[in-house]
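Quick note: the coordinates plus some simple rules give every number you see, no bench work behind them. Predicted model, so just to flag it, every value in this text is computed and none were measured.
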Amino acid sequence: MKKFNAWNWKNVRLPERVLEGLVRSFELDLYSAFLKHEPDNLEILVEVGNLFTRLGKFKEGLKVDERLVKIKPKEALFHYNLACSQSLLGQIDHAIESLKRAIALGYRNFDYLVKDADLENARKDQRFQEVLKSVVQTKKRPQQEVQ
């Protein structure tokens with residue numbers, strides 16, 4: 001008699017991309033459930049915003065970034081992330097303004113700014129080059145002068 005092997009989910013090998021998407025979706029569900037109890041938890045909101053972006057849910061990511069800026073309006077990184085979400089959605093005017101605000105508030109990871117794929121749409125705009133020129137000037141000034 002032939003031995004029958006029952007199907008077992010543990011033996012399934014998923015493509016890396018599919019597995020990564022499942023993990024991110026699980027994390028998003030977990031964090032979203034947590035936010036129901038602590039809706040203004042900044043660490044979790046940042047993670048949720050990042051997960052939305054990685055999952056290609058740019059509109060949802062934008063809403064999270066707008067919420068973060070509203071909660072903590074002087075946080076440079078939140079304005080930078082907002083610029084990224086706006087750029088991904090083709091909201092270039094808003095993206096440029098948010099990027100300027102992030103730099104004015106102290107965003108200094110300029111090496112990443114020039115290569116960040118999320119800013120690709122904004123990078124095509126001439127005003128982005130003007131922002132880069134201001135970055136060069138900002139780099140030349142002492143840290144305490146910039147605020």
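Tell me, in nm to one decimal, what length is gained between residue 127 and residue 23 on full extension, where the rule is 0.36 nm per residue of separation less the Cα-Cα distance? Present the calculation step by step, with values, prior to reporting the outcome.
On the way: separation 104, 0.36 × 104 = 37.44 nm, distance 3.75 nm.
Working it through step by step, the gained length comes to 33.7 nm.
Using a/c under 1.5 as the rounded threshold, could you call region 34-110 rounded, prolate or oblate? The axes a ≥ b ≥ c are square roots of the C-alpha gyration tensor eigenvalues, and prolate needs a/b larger than b/c, oblate otherwise. Show your work: numbers first, answer last.
Working: a/c = 2.08, a/b = 1.30, b/c = 1.60.
Oblate shape, in that a/c is at least 1.5 and b/c is the bigger or equal ratio.
For the chain, what does the helix formula give at 222 nm: sum of -39500 (n - 2.57) over DSSP H segments with n ≥ 4, over the residue count, nearest 500 deg cm²/dmol? Before the final figure, lay out each step's value.
Details: 8 runs with 96 residues, N = 147.
One gets -20500 deg cm²/dmol as the mean residue ellipticity at 222 nm.
Measuring from centroid to centroid over Cα atoms, what is the spacing of region 68-91 and region 98-128 in Å?
Their Cα centres are 11 Å away from one another.
Could you sort out which of 72/100; 57/115; 36/100; 72/124; 70/124 sit more than 23 Å apart by Cα distance in this structure? Kindly include the intermediate steps, with their values, before the conclusion.
Working: 72/100 17 Å; 57/115 21 Å; 36/100 33 Å; 72/124 29 Å; 70/124 28 Å.
With Cα atoms farther than 23 Å apart: 36/100; 72/124; 70/124.
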